[in-house]
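Structure provided below as structure tokens; questions to follow.
The values are calculated or read from the model by the stated rules, or taken from the named source; none is laboratory data. Just so we're clear, the structure is a prediction, and the values are computed from it rather than from any experiment. Neighbour counts run over all protein chains shown; Cβ positions are idealised from the backbone, glycine included.
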Amino acid sequence: MRYKALAMALLMAITLPSYTEGLPDLGDSSEAVLSPRQERALGQQIMREIRADRSYVEDPELTAYLQRLGTRLVQAGQPSSQEFEFFLVDDPSLNAFALPGGFVGVHTGLILAAQNESELAGVLGHEIGHVTQRHIARMIAGQQSSMLTSLAALAIAVLAARSNTQVSQAAIAGAQASAIQNQLDFTREHEQEADRVGLQTVSNAGFDPHGMATFFERLQRSTRVMESNAPSYLRTHPLTVERIADIENRLDKLPKRQVPDSLDFLMVKAKIRAMTGSAREALKYFEPSASENPNIRTARIYGNAVALRRTGDLTHAEKEVGELKAHGSQHPMIESLAADIKRDQGQYAAALDIYRNGLKLFPRDRALLYGQIEMLLALKNPTEALKTVNNQAFSGPDEEKMYELQSKIYAALGKRLLQHQAQAEVYYRRGNLPAAVDQLQLAAKAGDGDFYQTSSVEARLKQIRSEMGPQKHPANKGGN
């Protein structure tokens, strides 16, 4: 996934000079090279590649938590008109990264490694700092010539990886080596600035700013024996003596807080742990401990139930959920799991009732909403499912899922034009533009739409074809 997304980013970067023709050279040099609008468009192109990869996590519960935490930090930081989207990558390595245009990715391994929520907030605050300070645009502005030359070589090497791994790895190493030294000082400047912004953001948001330092220090201690074993986060965000000293100096001016972890954080971490590695290992991890506060106990039992469901032991999984409810535990992830177990048991009506009741308690929860719509389809009630979907706003990270559900509903209703039109939007958001074109062509030929629907399909078809450019046979971006 990293190479594929990187290839798209680099190829886009190589064409940046064509974007900048006619722009006035005024103010910040980064504005003259890459405007905020262009930076957002670049990020969206990269995200299409990332969403098409199997390691992109589509879990609405995990994504919603990350978005809530990130939004809290953004609102506490420096004023910015930048939109932000936070997403999760299924990868055990300790890494997080910022993309152009406000997209911030976090590896599941980093969440598992965070010992408390303030540590995770510290990493996100740092990445938000990279975005708000427009470090990518500034790097391009500062090193256009040397960087674009090395990016061209690196992009070619990355694309070659699909056909000849050994040759491409050698080419990647060579291209990287020629660029690293030229960018090193610039990178240190960016890292220190992101630390400064991130520390203040975390403190303003009510977290312990020392969490950033403790997390970085733990990473650093774990890699003192061999530099080559450094976690990926340290390789992409190098720590220097000066940077550590700067962080410590700034922490002296910020209050140290005892901030309890939110139940959301504990539940999300438990779910990731339950879904990582073997189910047997997860069950052992969630064995009861001697001292547990109520939230930790709730998350442990929940994680155990998720692991039991993985093994197919639905009876015991349901028993664990029942224990949570008996103790008065209320959380949308508990309601969703209870409904999912009923669905696994084939009790669709019971599952629908749980989803509906859960939405009364947590009306904005997307996992419960998706589950309700899917159960309405399973119970042959597409009309109510369509009404539910059409009452929702199609925006942000859940656009693709909403269009996918809409396509299934129209298929059940026998509305072929609308079915293919919605499915085209699914493929478009996955970066598979050729498949989106195919679906729109099927929609245009369906013959069951009115004049306005057909005109809408033709307009969208023209728009996507223009994005594909002059290539006669564009690469299919829906695979991996």
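Just to be sure I understand, how many residues within segment 247-267 are under 24 Å from the mean Cα position of the chain (by Cα) and either small (Gly, Ala, Ser) or within 28 Å of Arg196 (Cβ to Cβ) (or both)?
Selection size over segment 247-267: 4.
Another question, then. I need the full set of residues from segment 286-319 which are hydrophobic (A, V, I, L, M, F, W, C) and in a helix (DSSP H, G or I), in order please.
Within segment 286-319, Ile296, Ala299, Ile301, Ala305, Val306, Ala307, Leu308, Leu314, Ala317 qualify.
A further question follows. Scanning segment 394-440 for residues that are at pLDDT 90 or above and not in a helix (DSSP H, G or I), which turns out farthest from Ser466 (Cα to Cα)?
It comes out as Gly414.
Looking at segment 282-290, is at least one residue among the aliphatic types (A, V, I, L, M) and over 25 Å from Ser118 (Cα atoms)?
Yes, some residue in segment 282-290 is among the aliphatic types (A, V, I, L, M) and over 25 Å from Ser118 (Cα atoms).
Same structure again: Give me a count of the residues in segment 56-93 that are free of Cβ contacts under 8 Å to residues at least 24 places away in the same chain and part of a loop (DSSP other than H, G, I, E, B).
1
Output the number of residues of segment 320-347 satisfying the condition of being more than 28 Å from the chain's Cα centre (by Cα), surrounded by fewer than 18 Cβ atoms within 10 Å (Cβ to Cβ) and closer than 20 Å to Leu369 by Cα.
The total comes to 3.
Another question about this same structure. Is it fair to say Leu308 is of a type in the set (A, V, I, L, M), out of contact with any Leu (no Cβ under 9 Å at 6 or more places or on another chain) and either surrounded by 16 or more Cβ atoms within 10 Å (Cβ to Cβ) or closer than 19 Å to Ala114 by Cβ (or both)?
Criteria not met by Leu308.
Does Ala443 count as surrounded by 23 or more Cβ atoms within 10 Å (Cβ to Cβ), part of a helix (DSSP H, G or I), in contact with a Gly (Cβ under 9 Å, 6 or more places away or on another chain) and of a type in the set (A, V, I, L, M)?
yes
Separate question: Can you report the number of residues in segment 100-133 which are within 17 Å of Val57 (Cα to Cα) and not in a helix (DSSP H, G or I)?
Residues that pass the stated criteria total 5.
Could you pull out the residue among Gly346, Gly322, Gly328 that is farther than 17 Å from Tyr65 by Cβ, modelled with pLDDT of 95 or more and not in a helix (DSSP H, G or I)?
None of the other options fit; the residue is Gly346.
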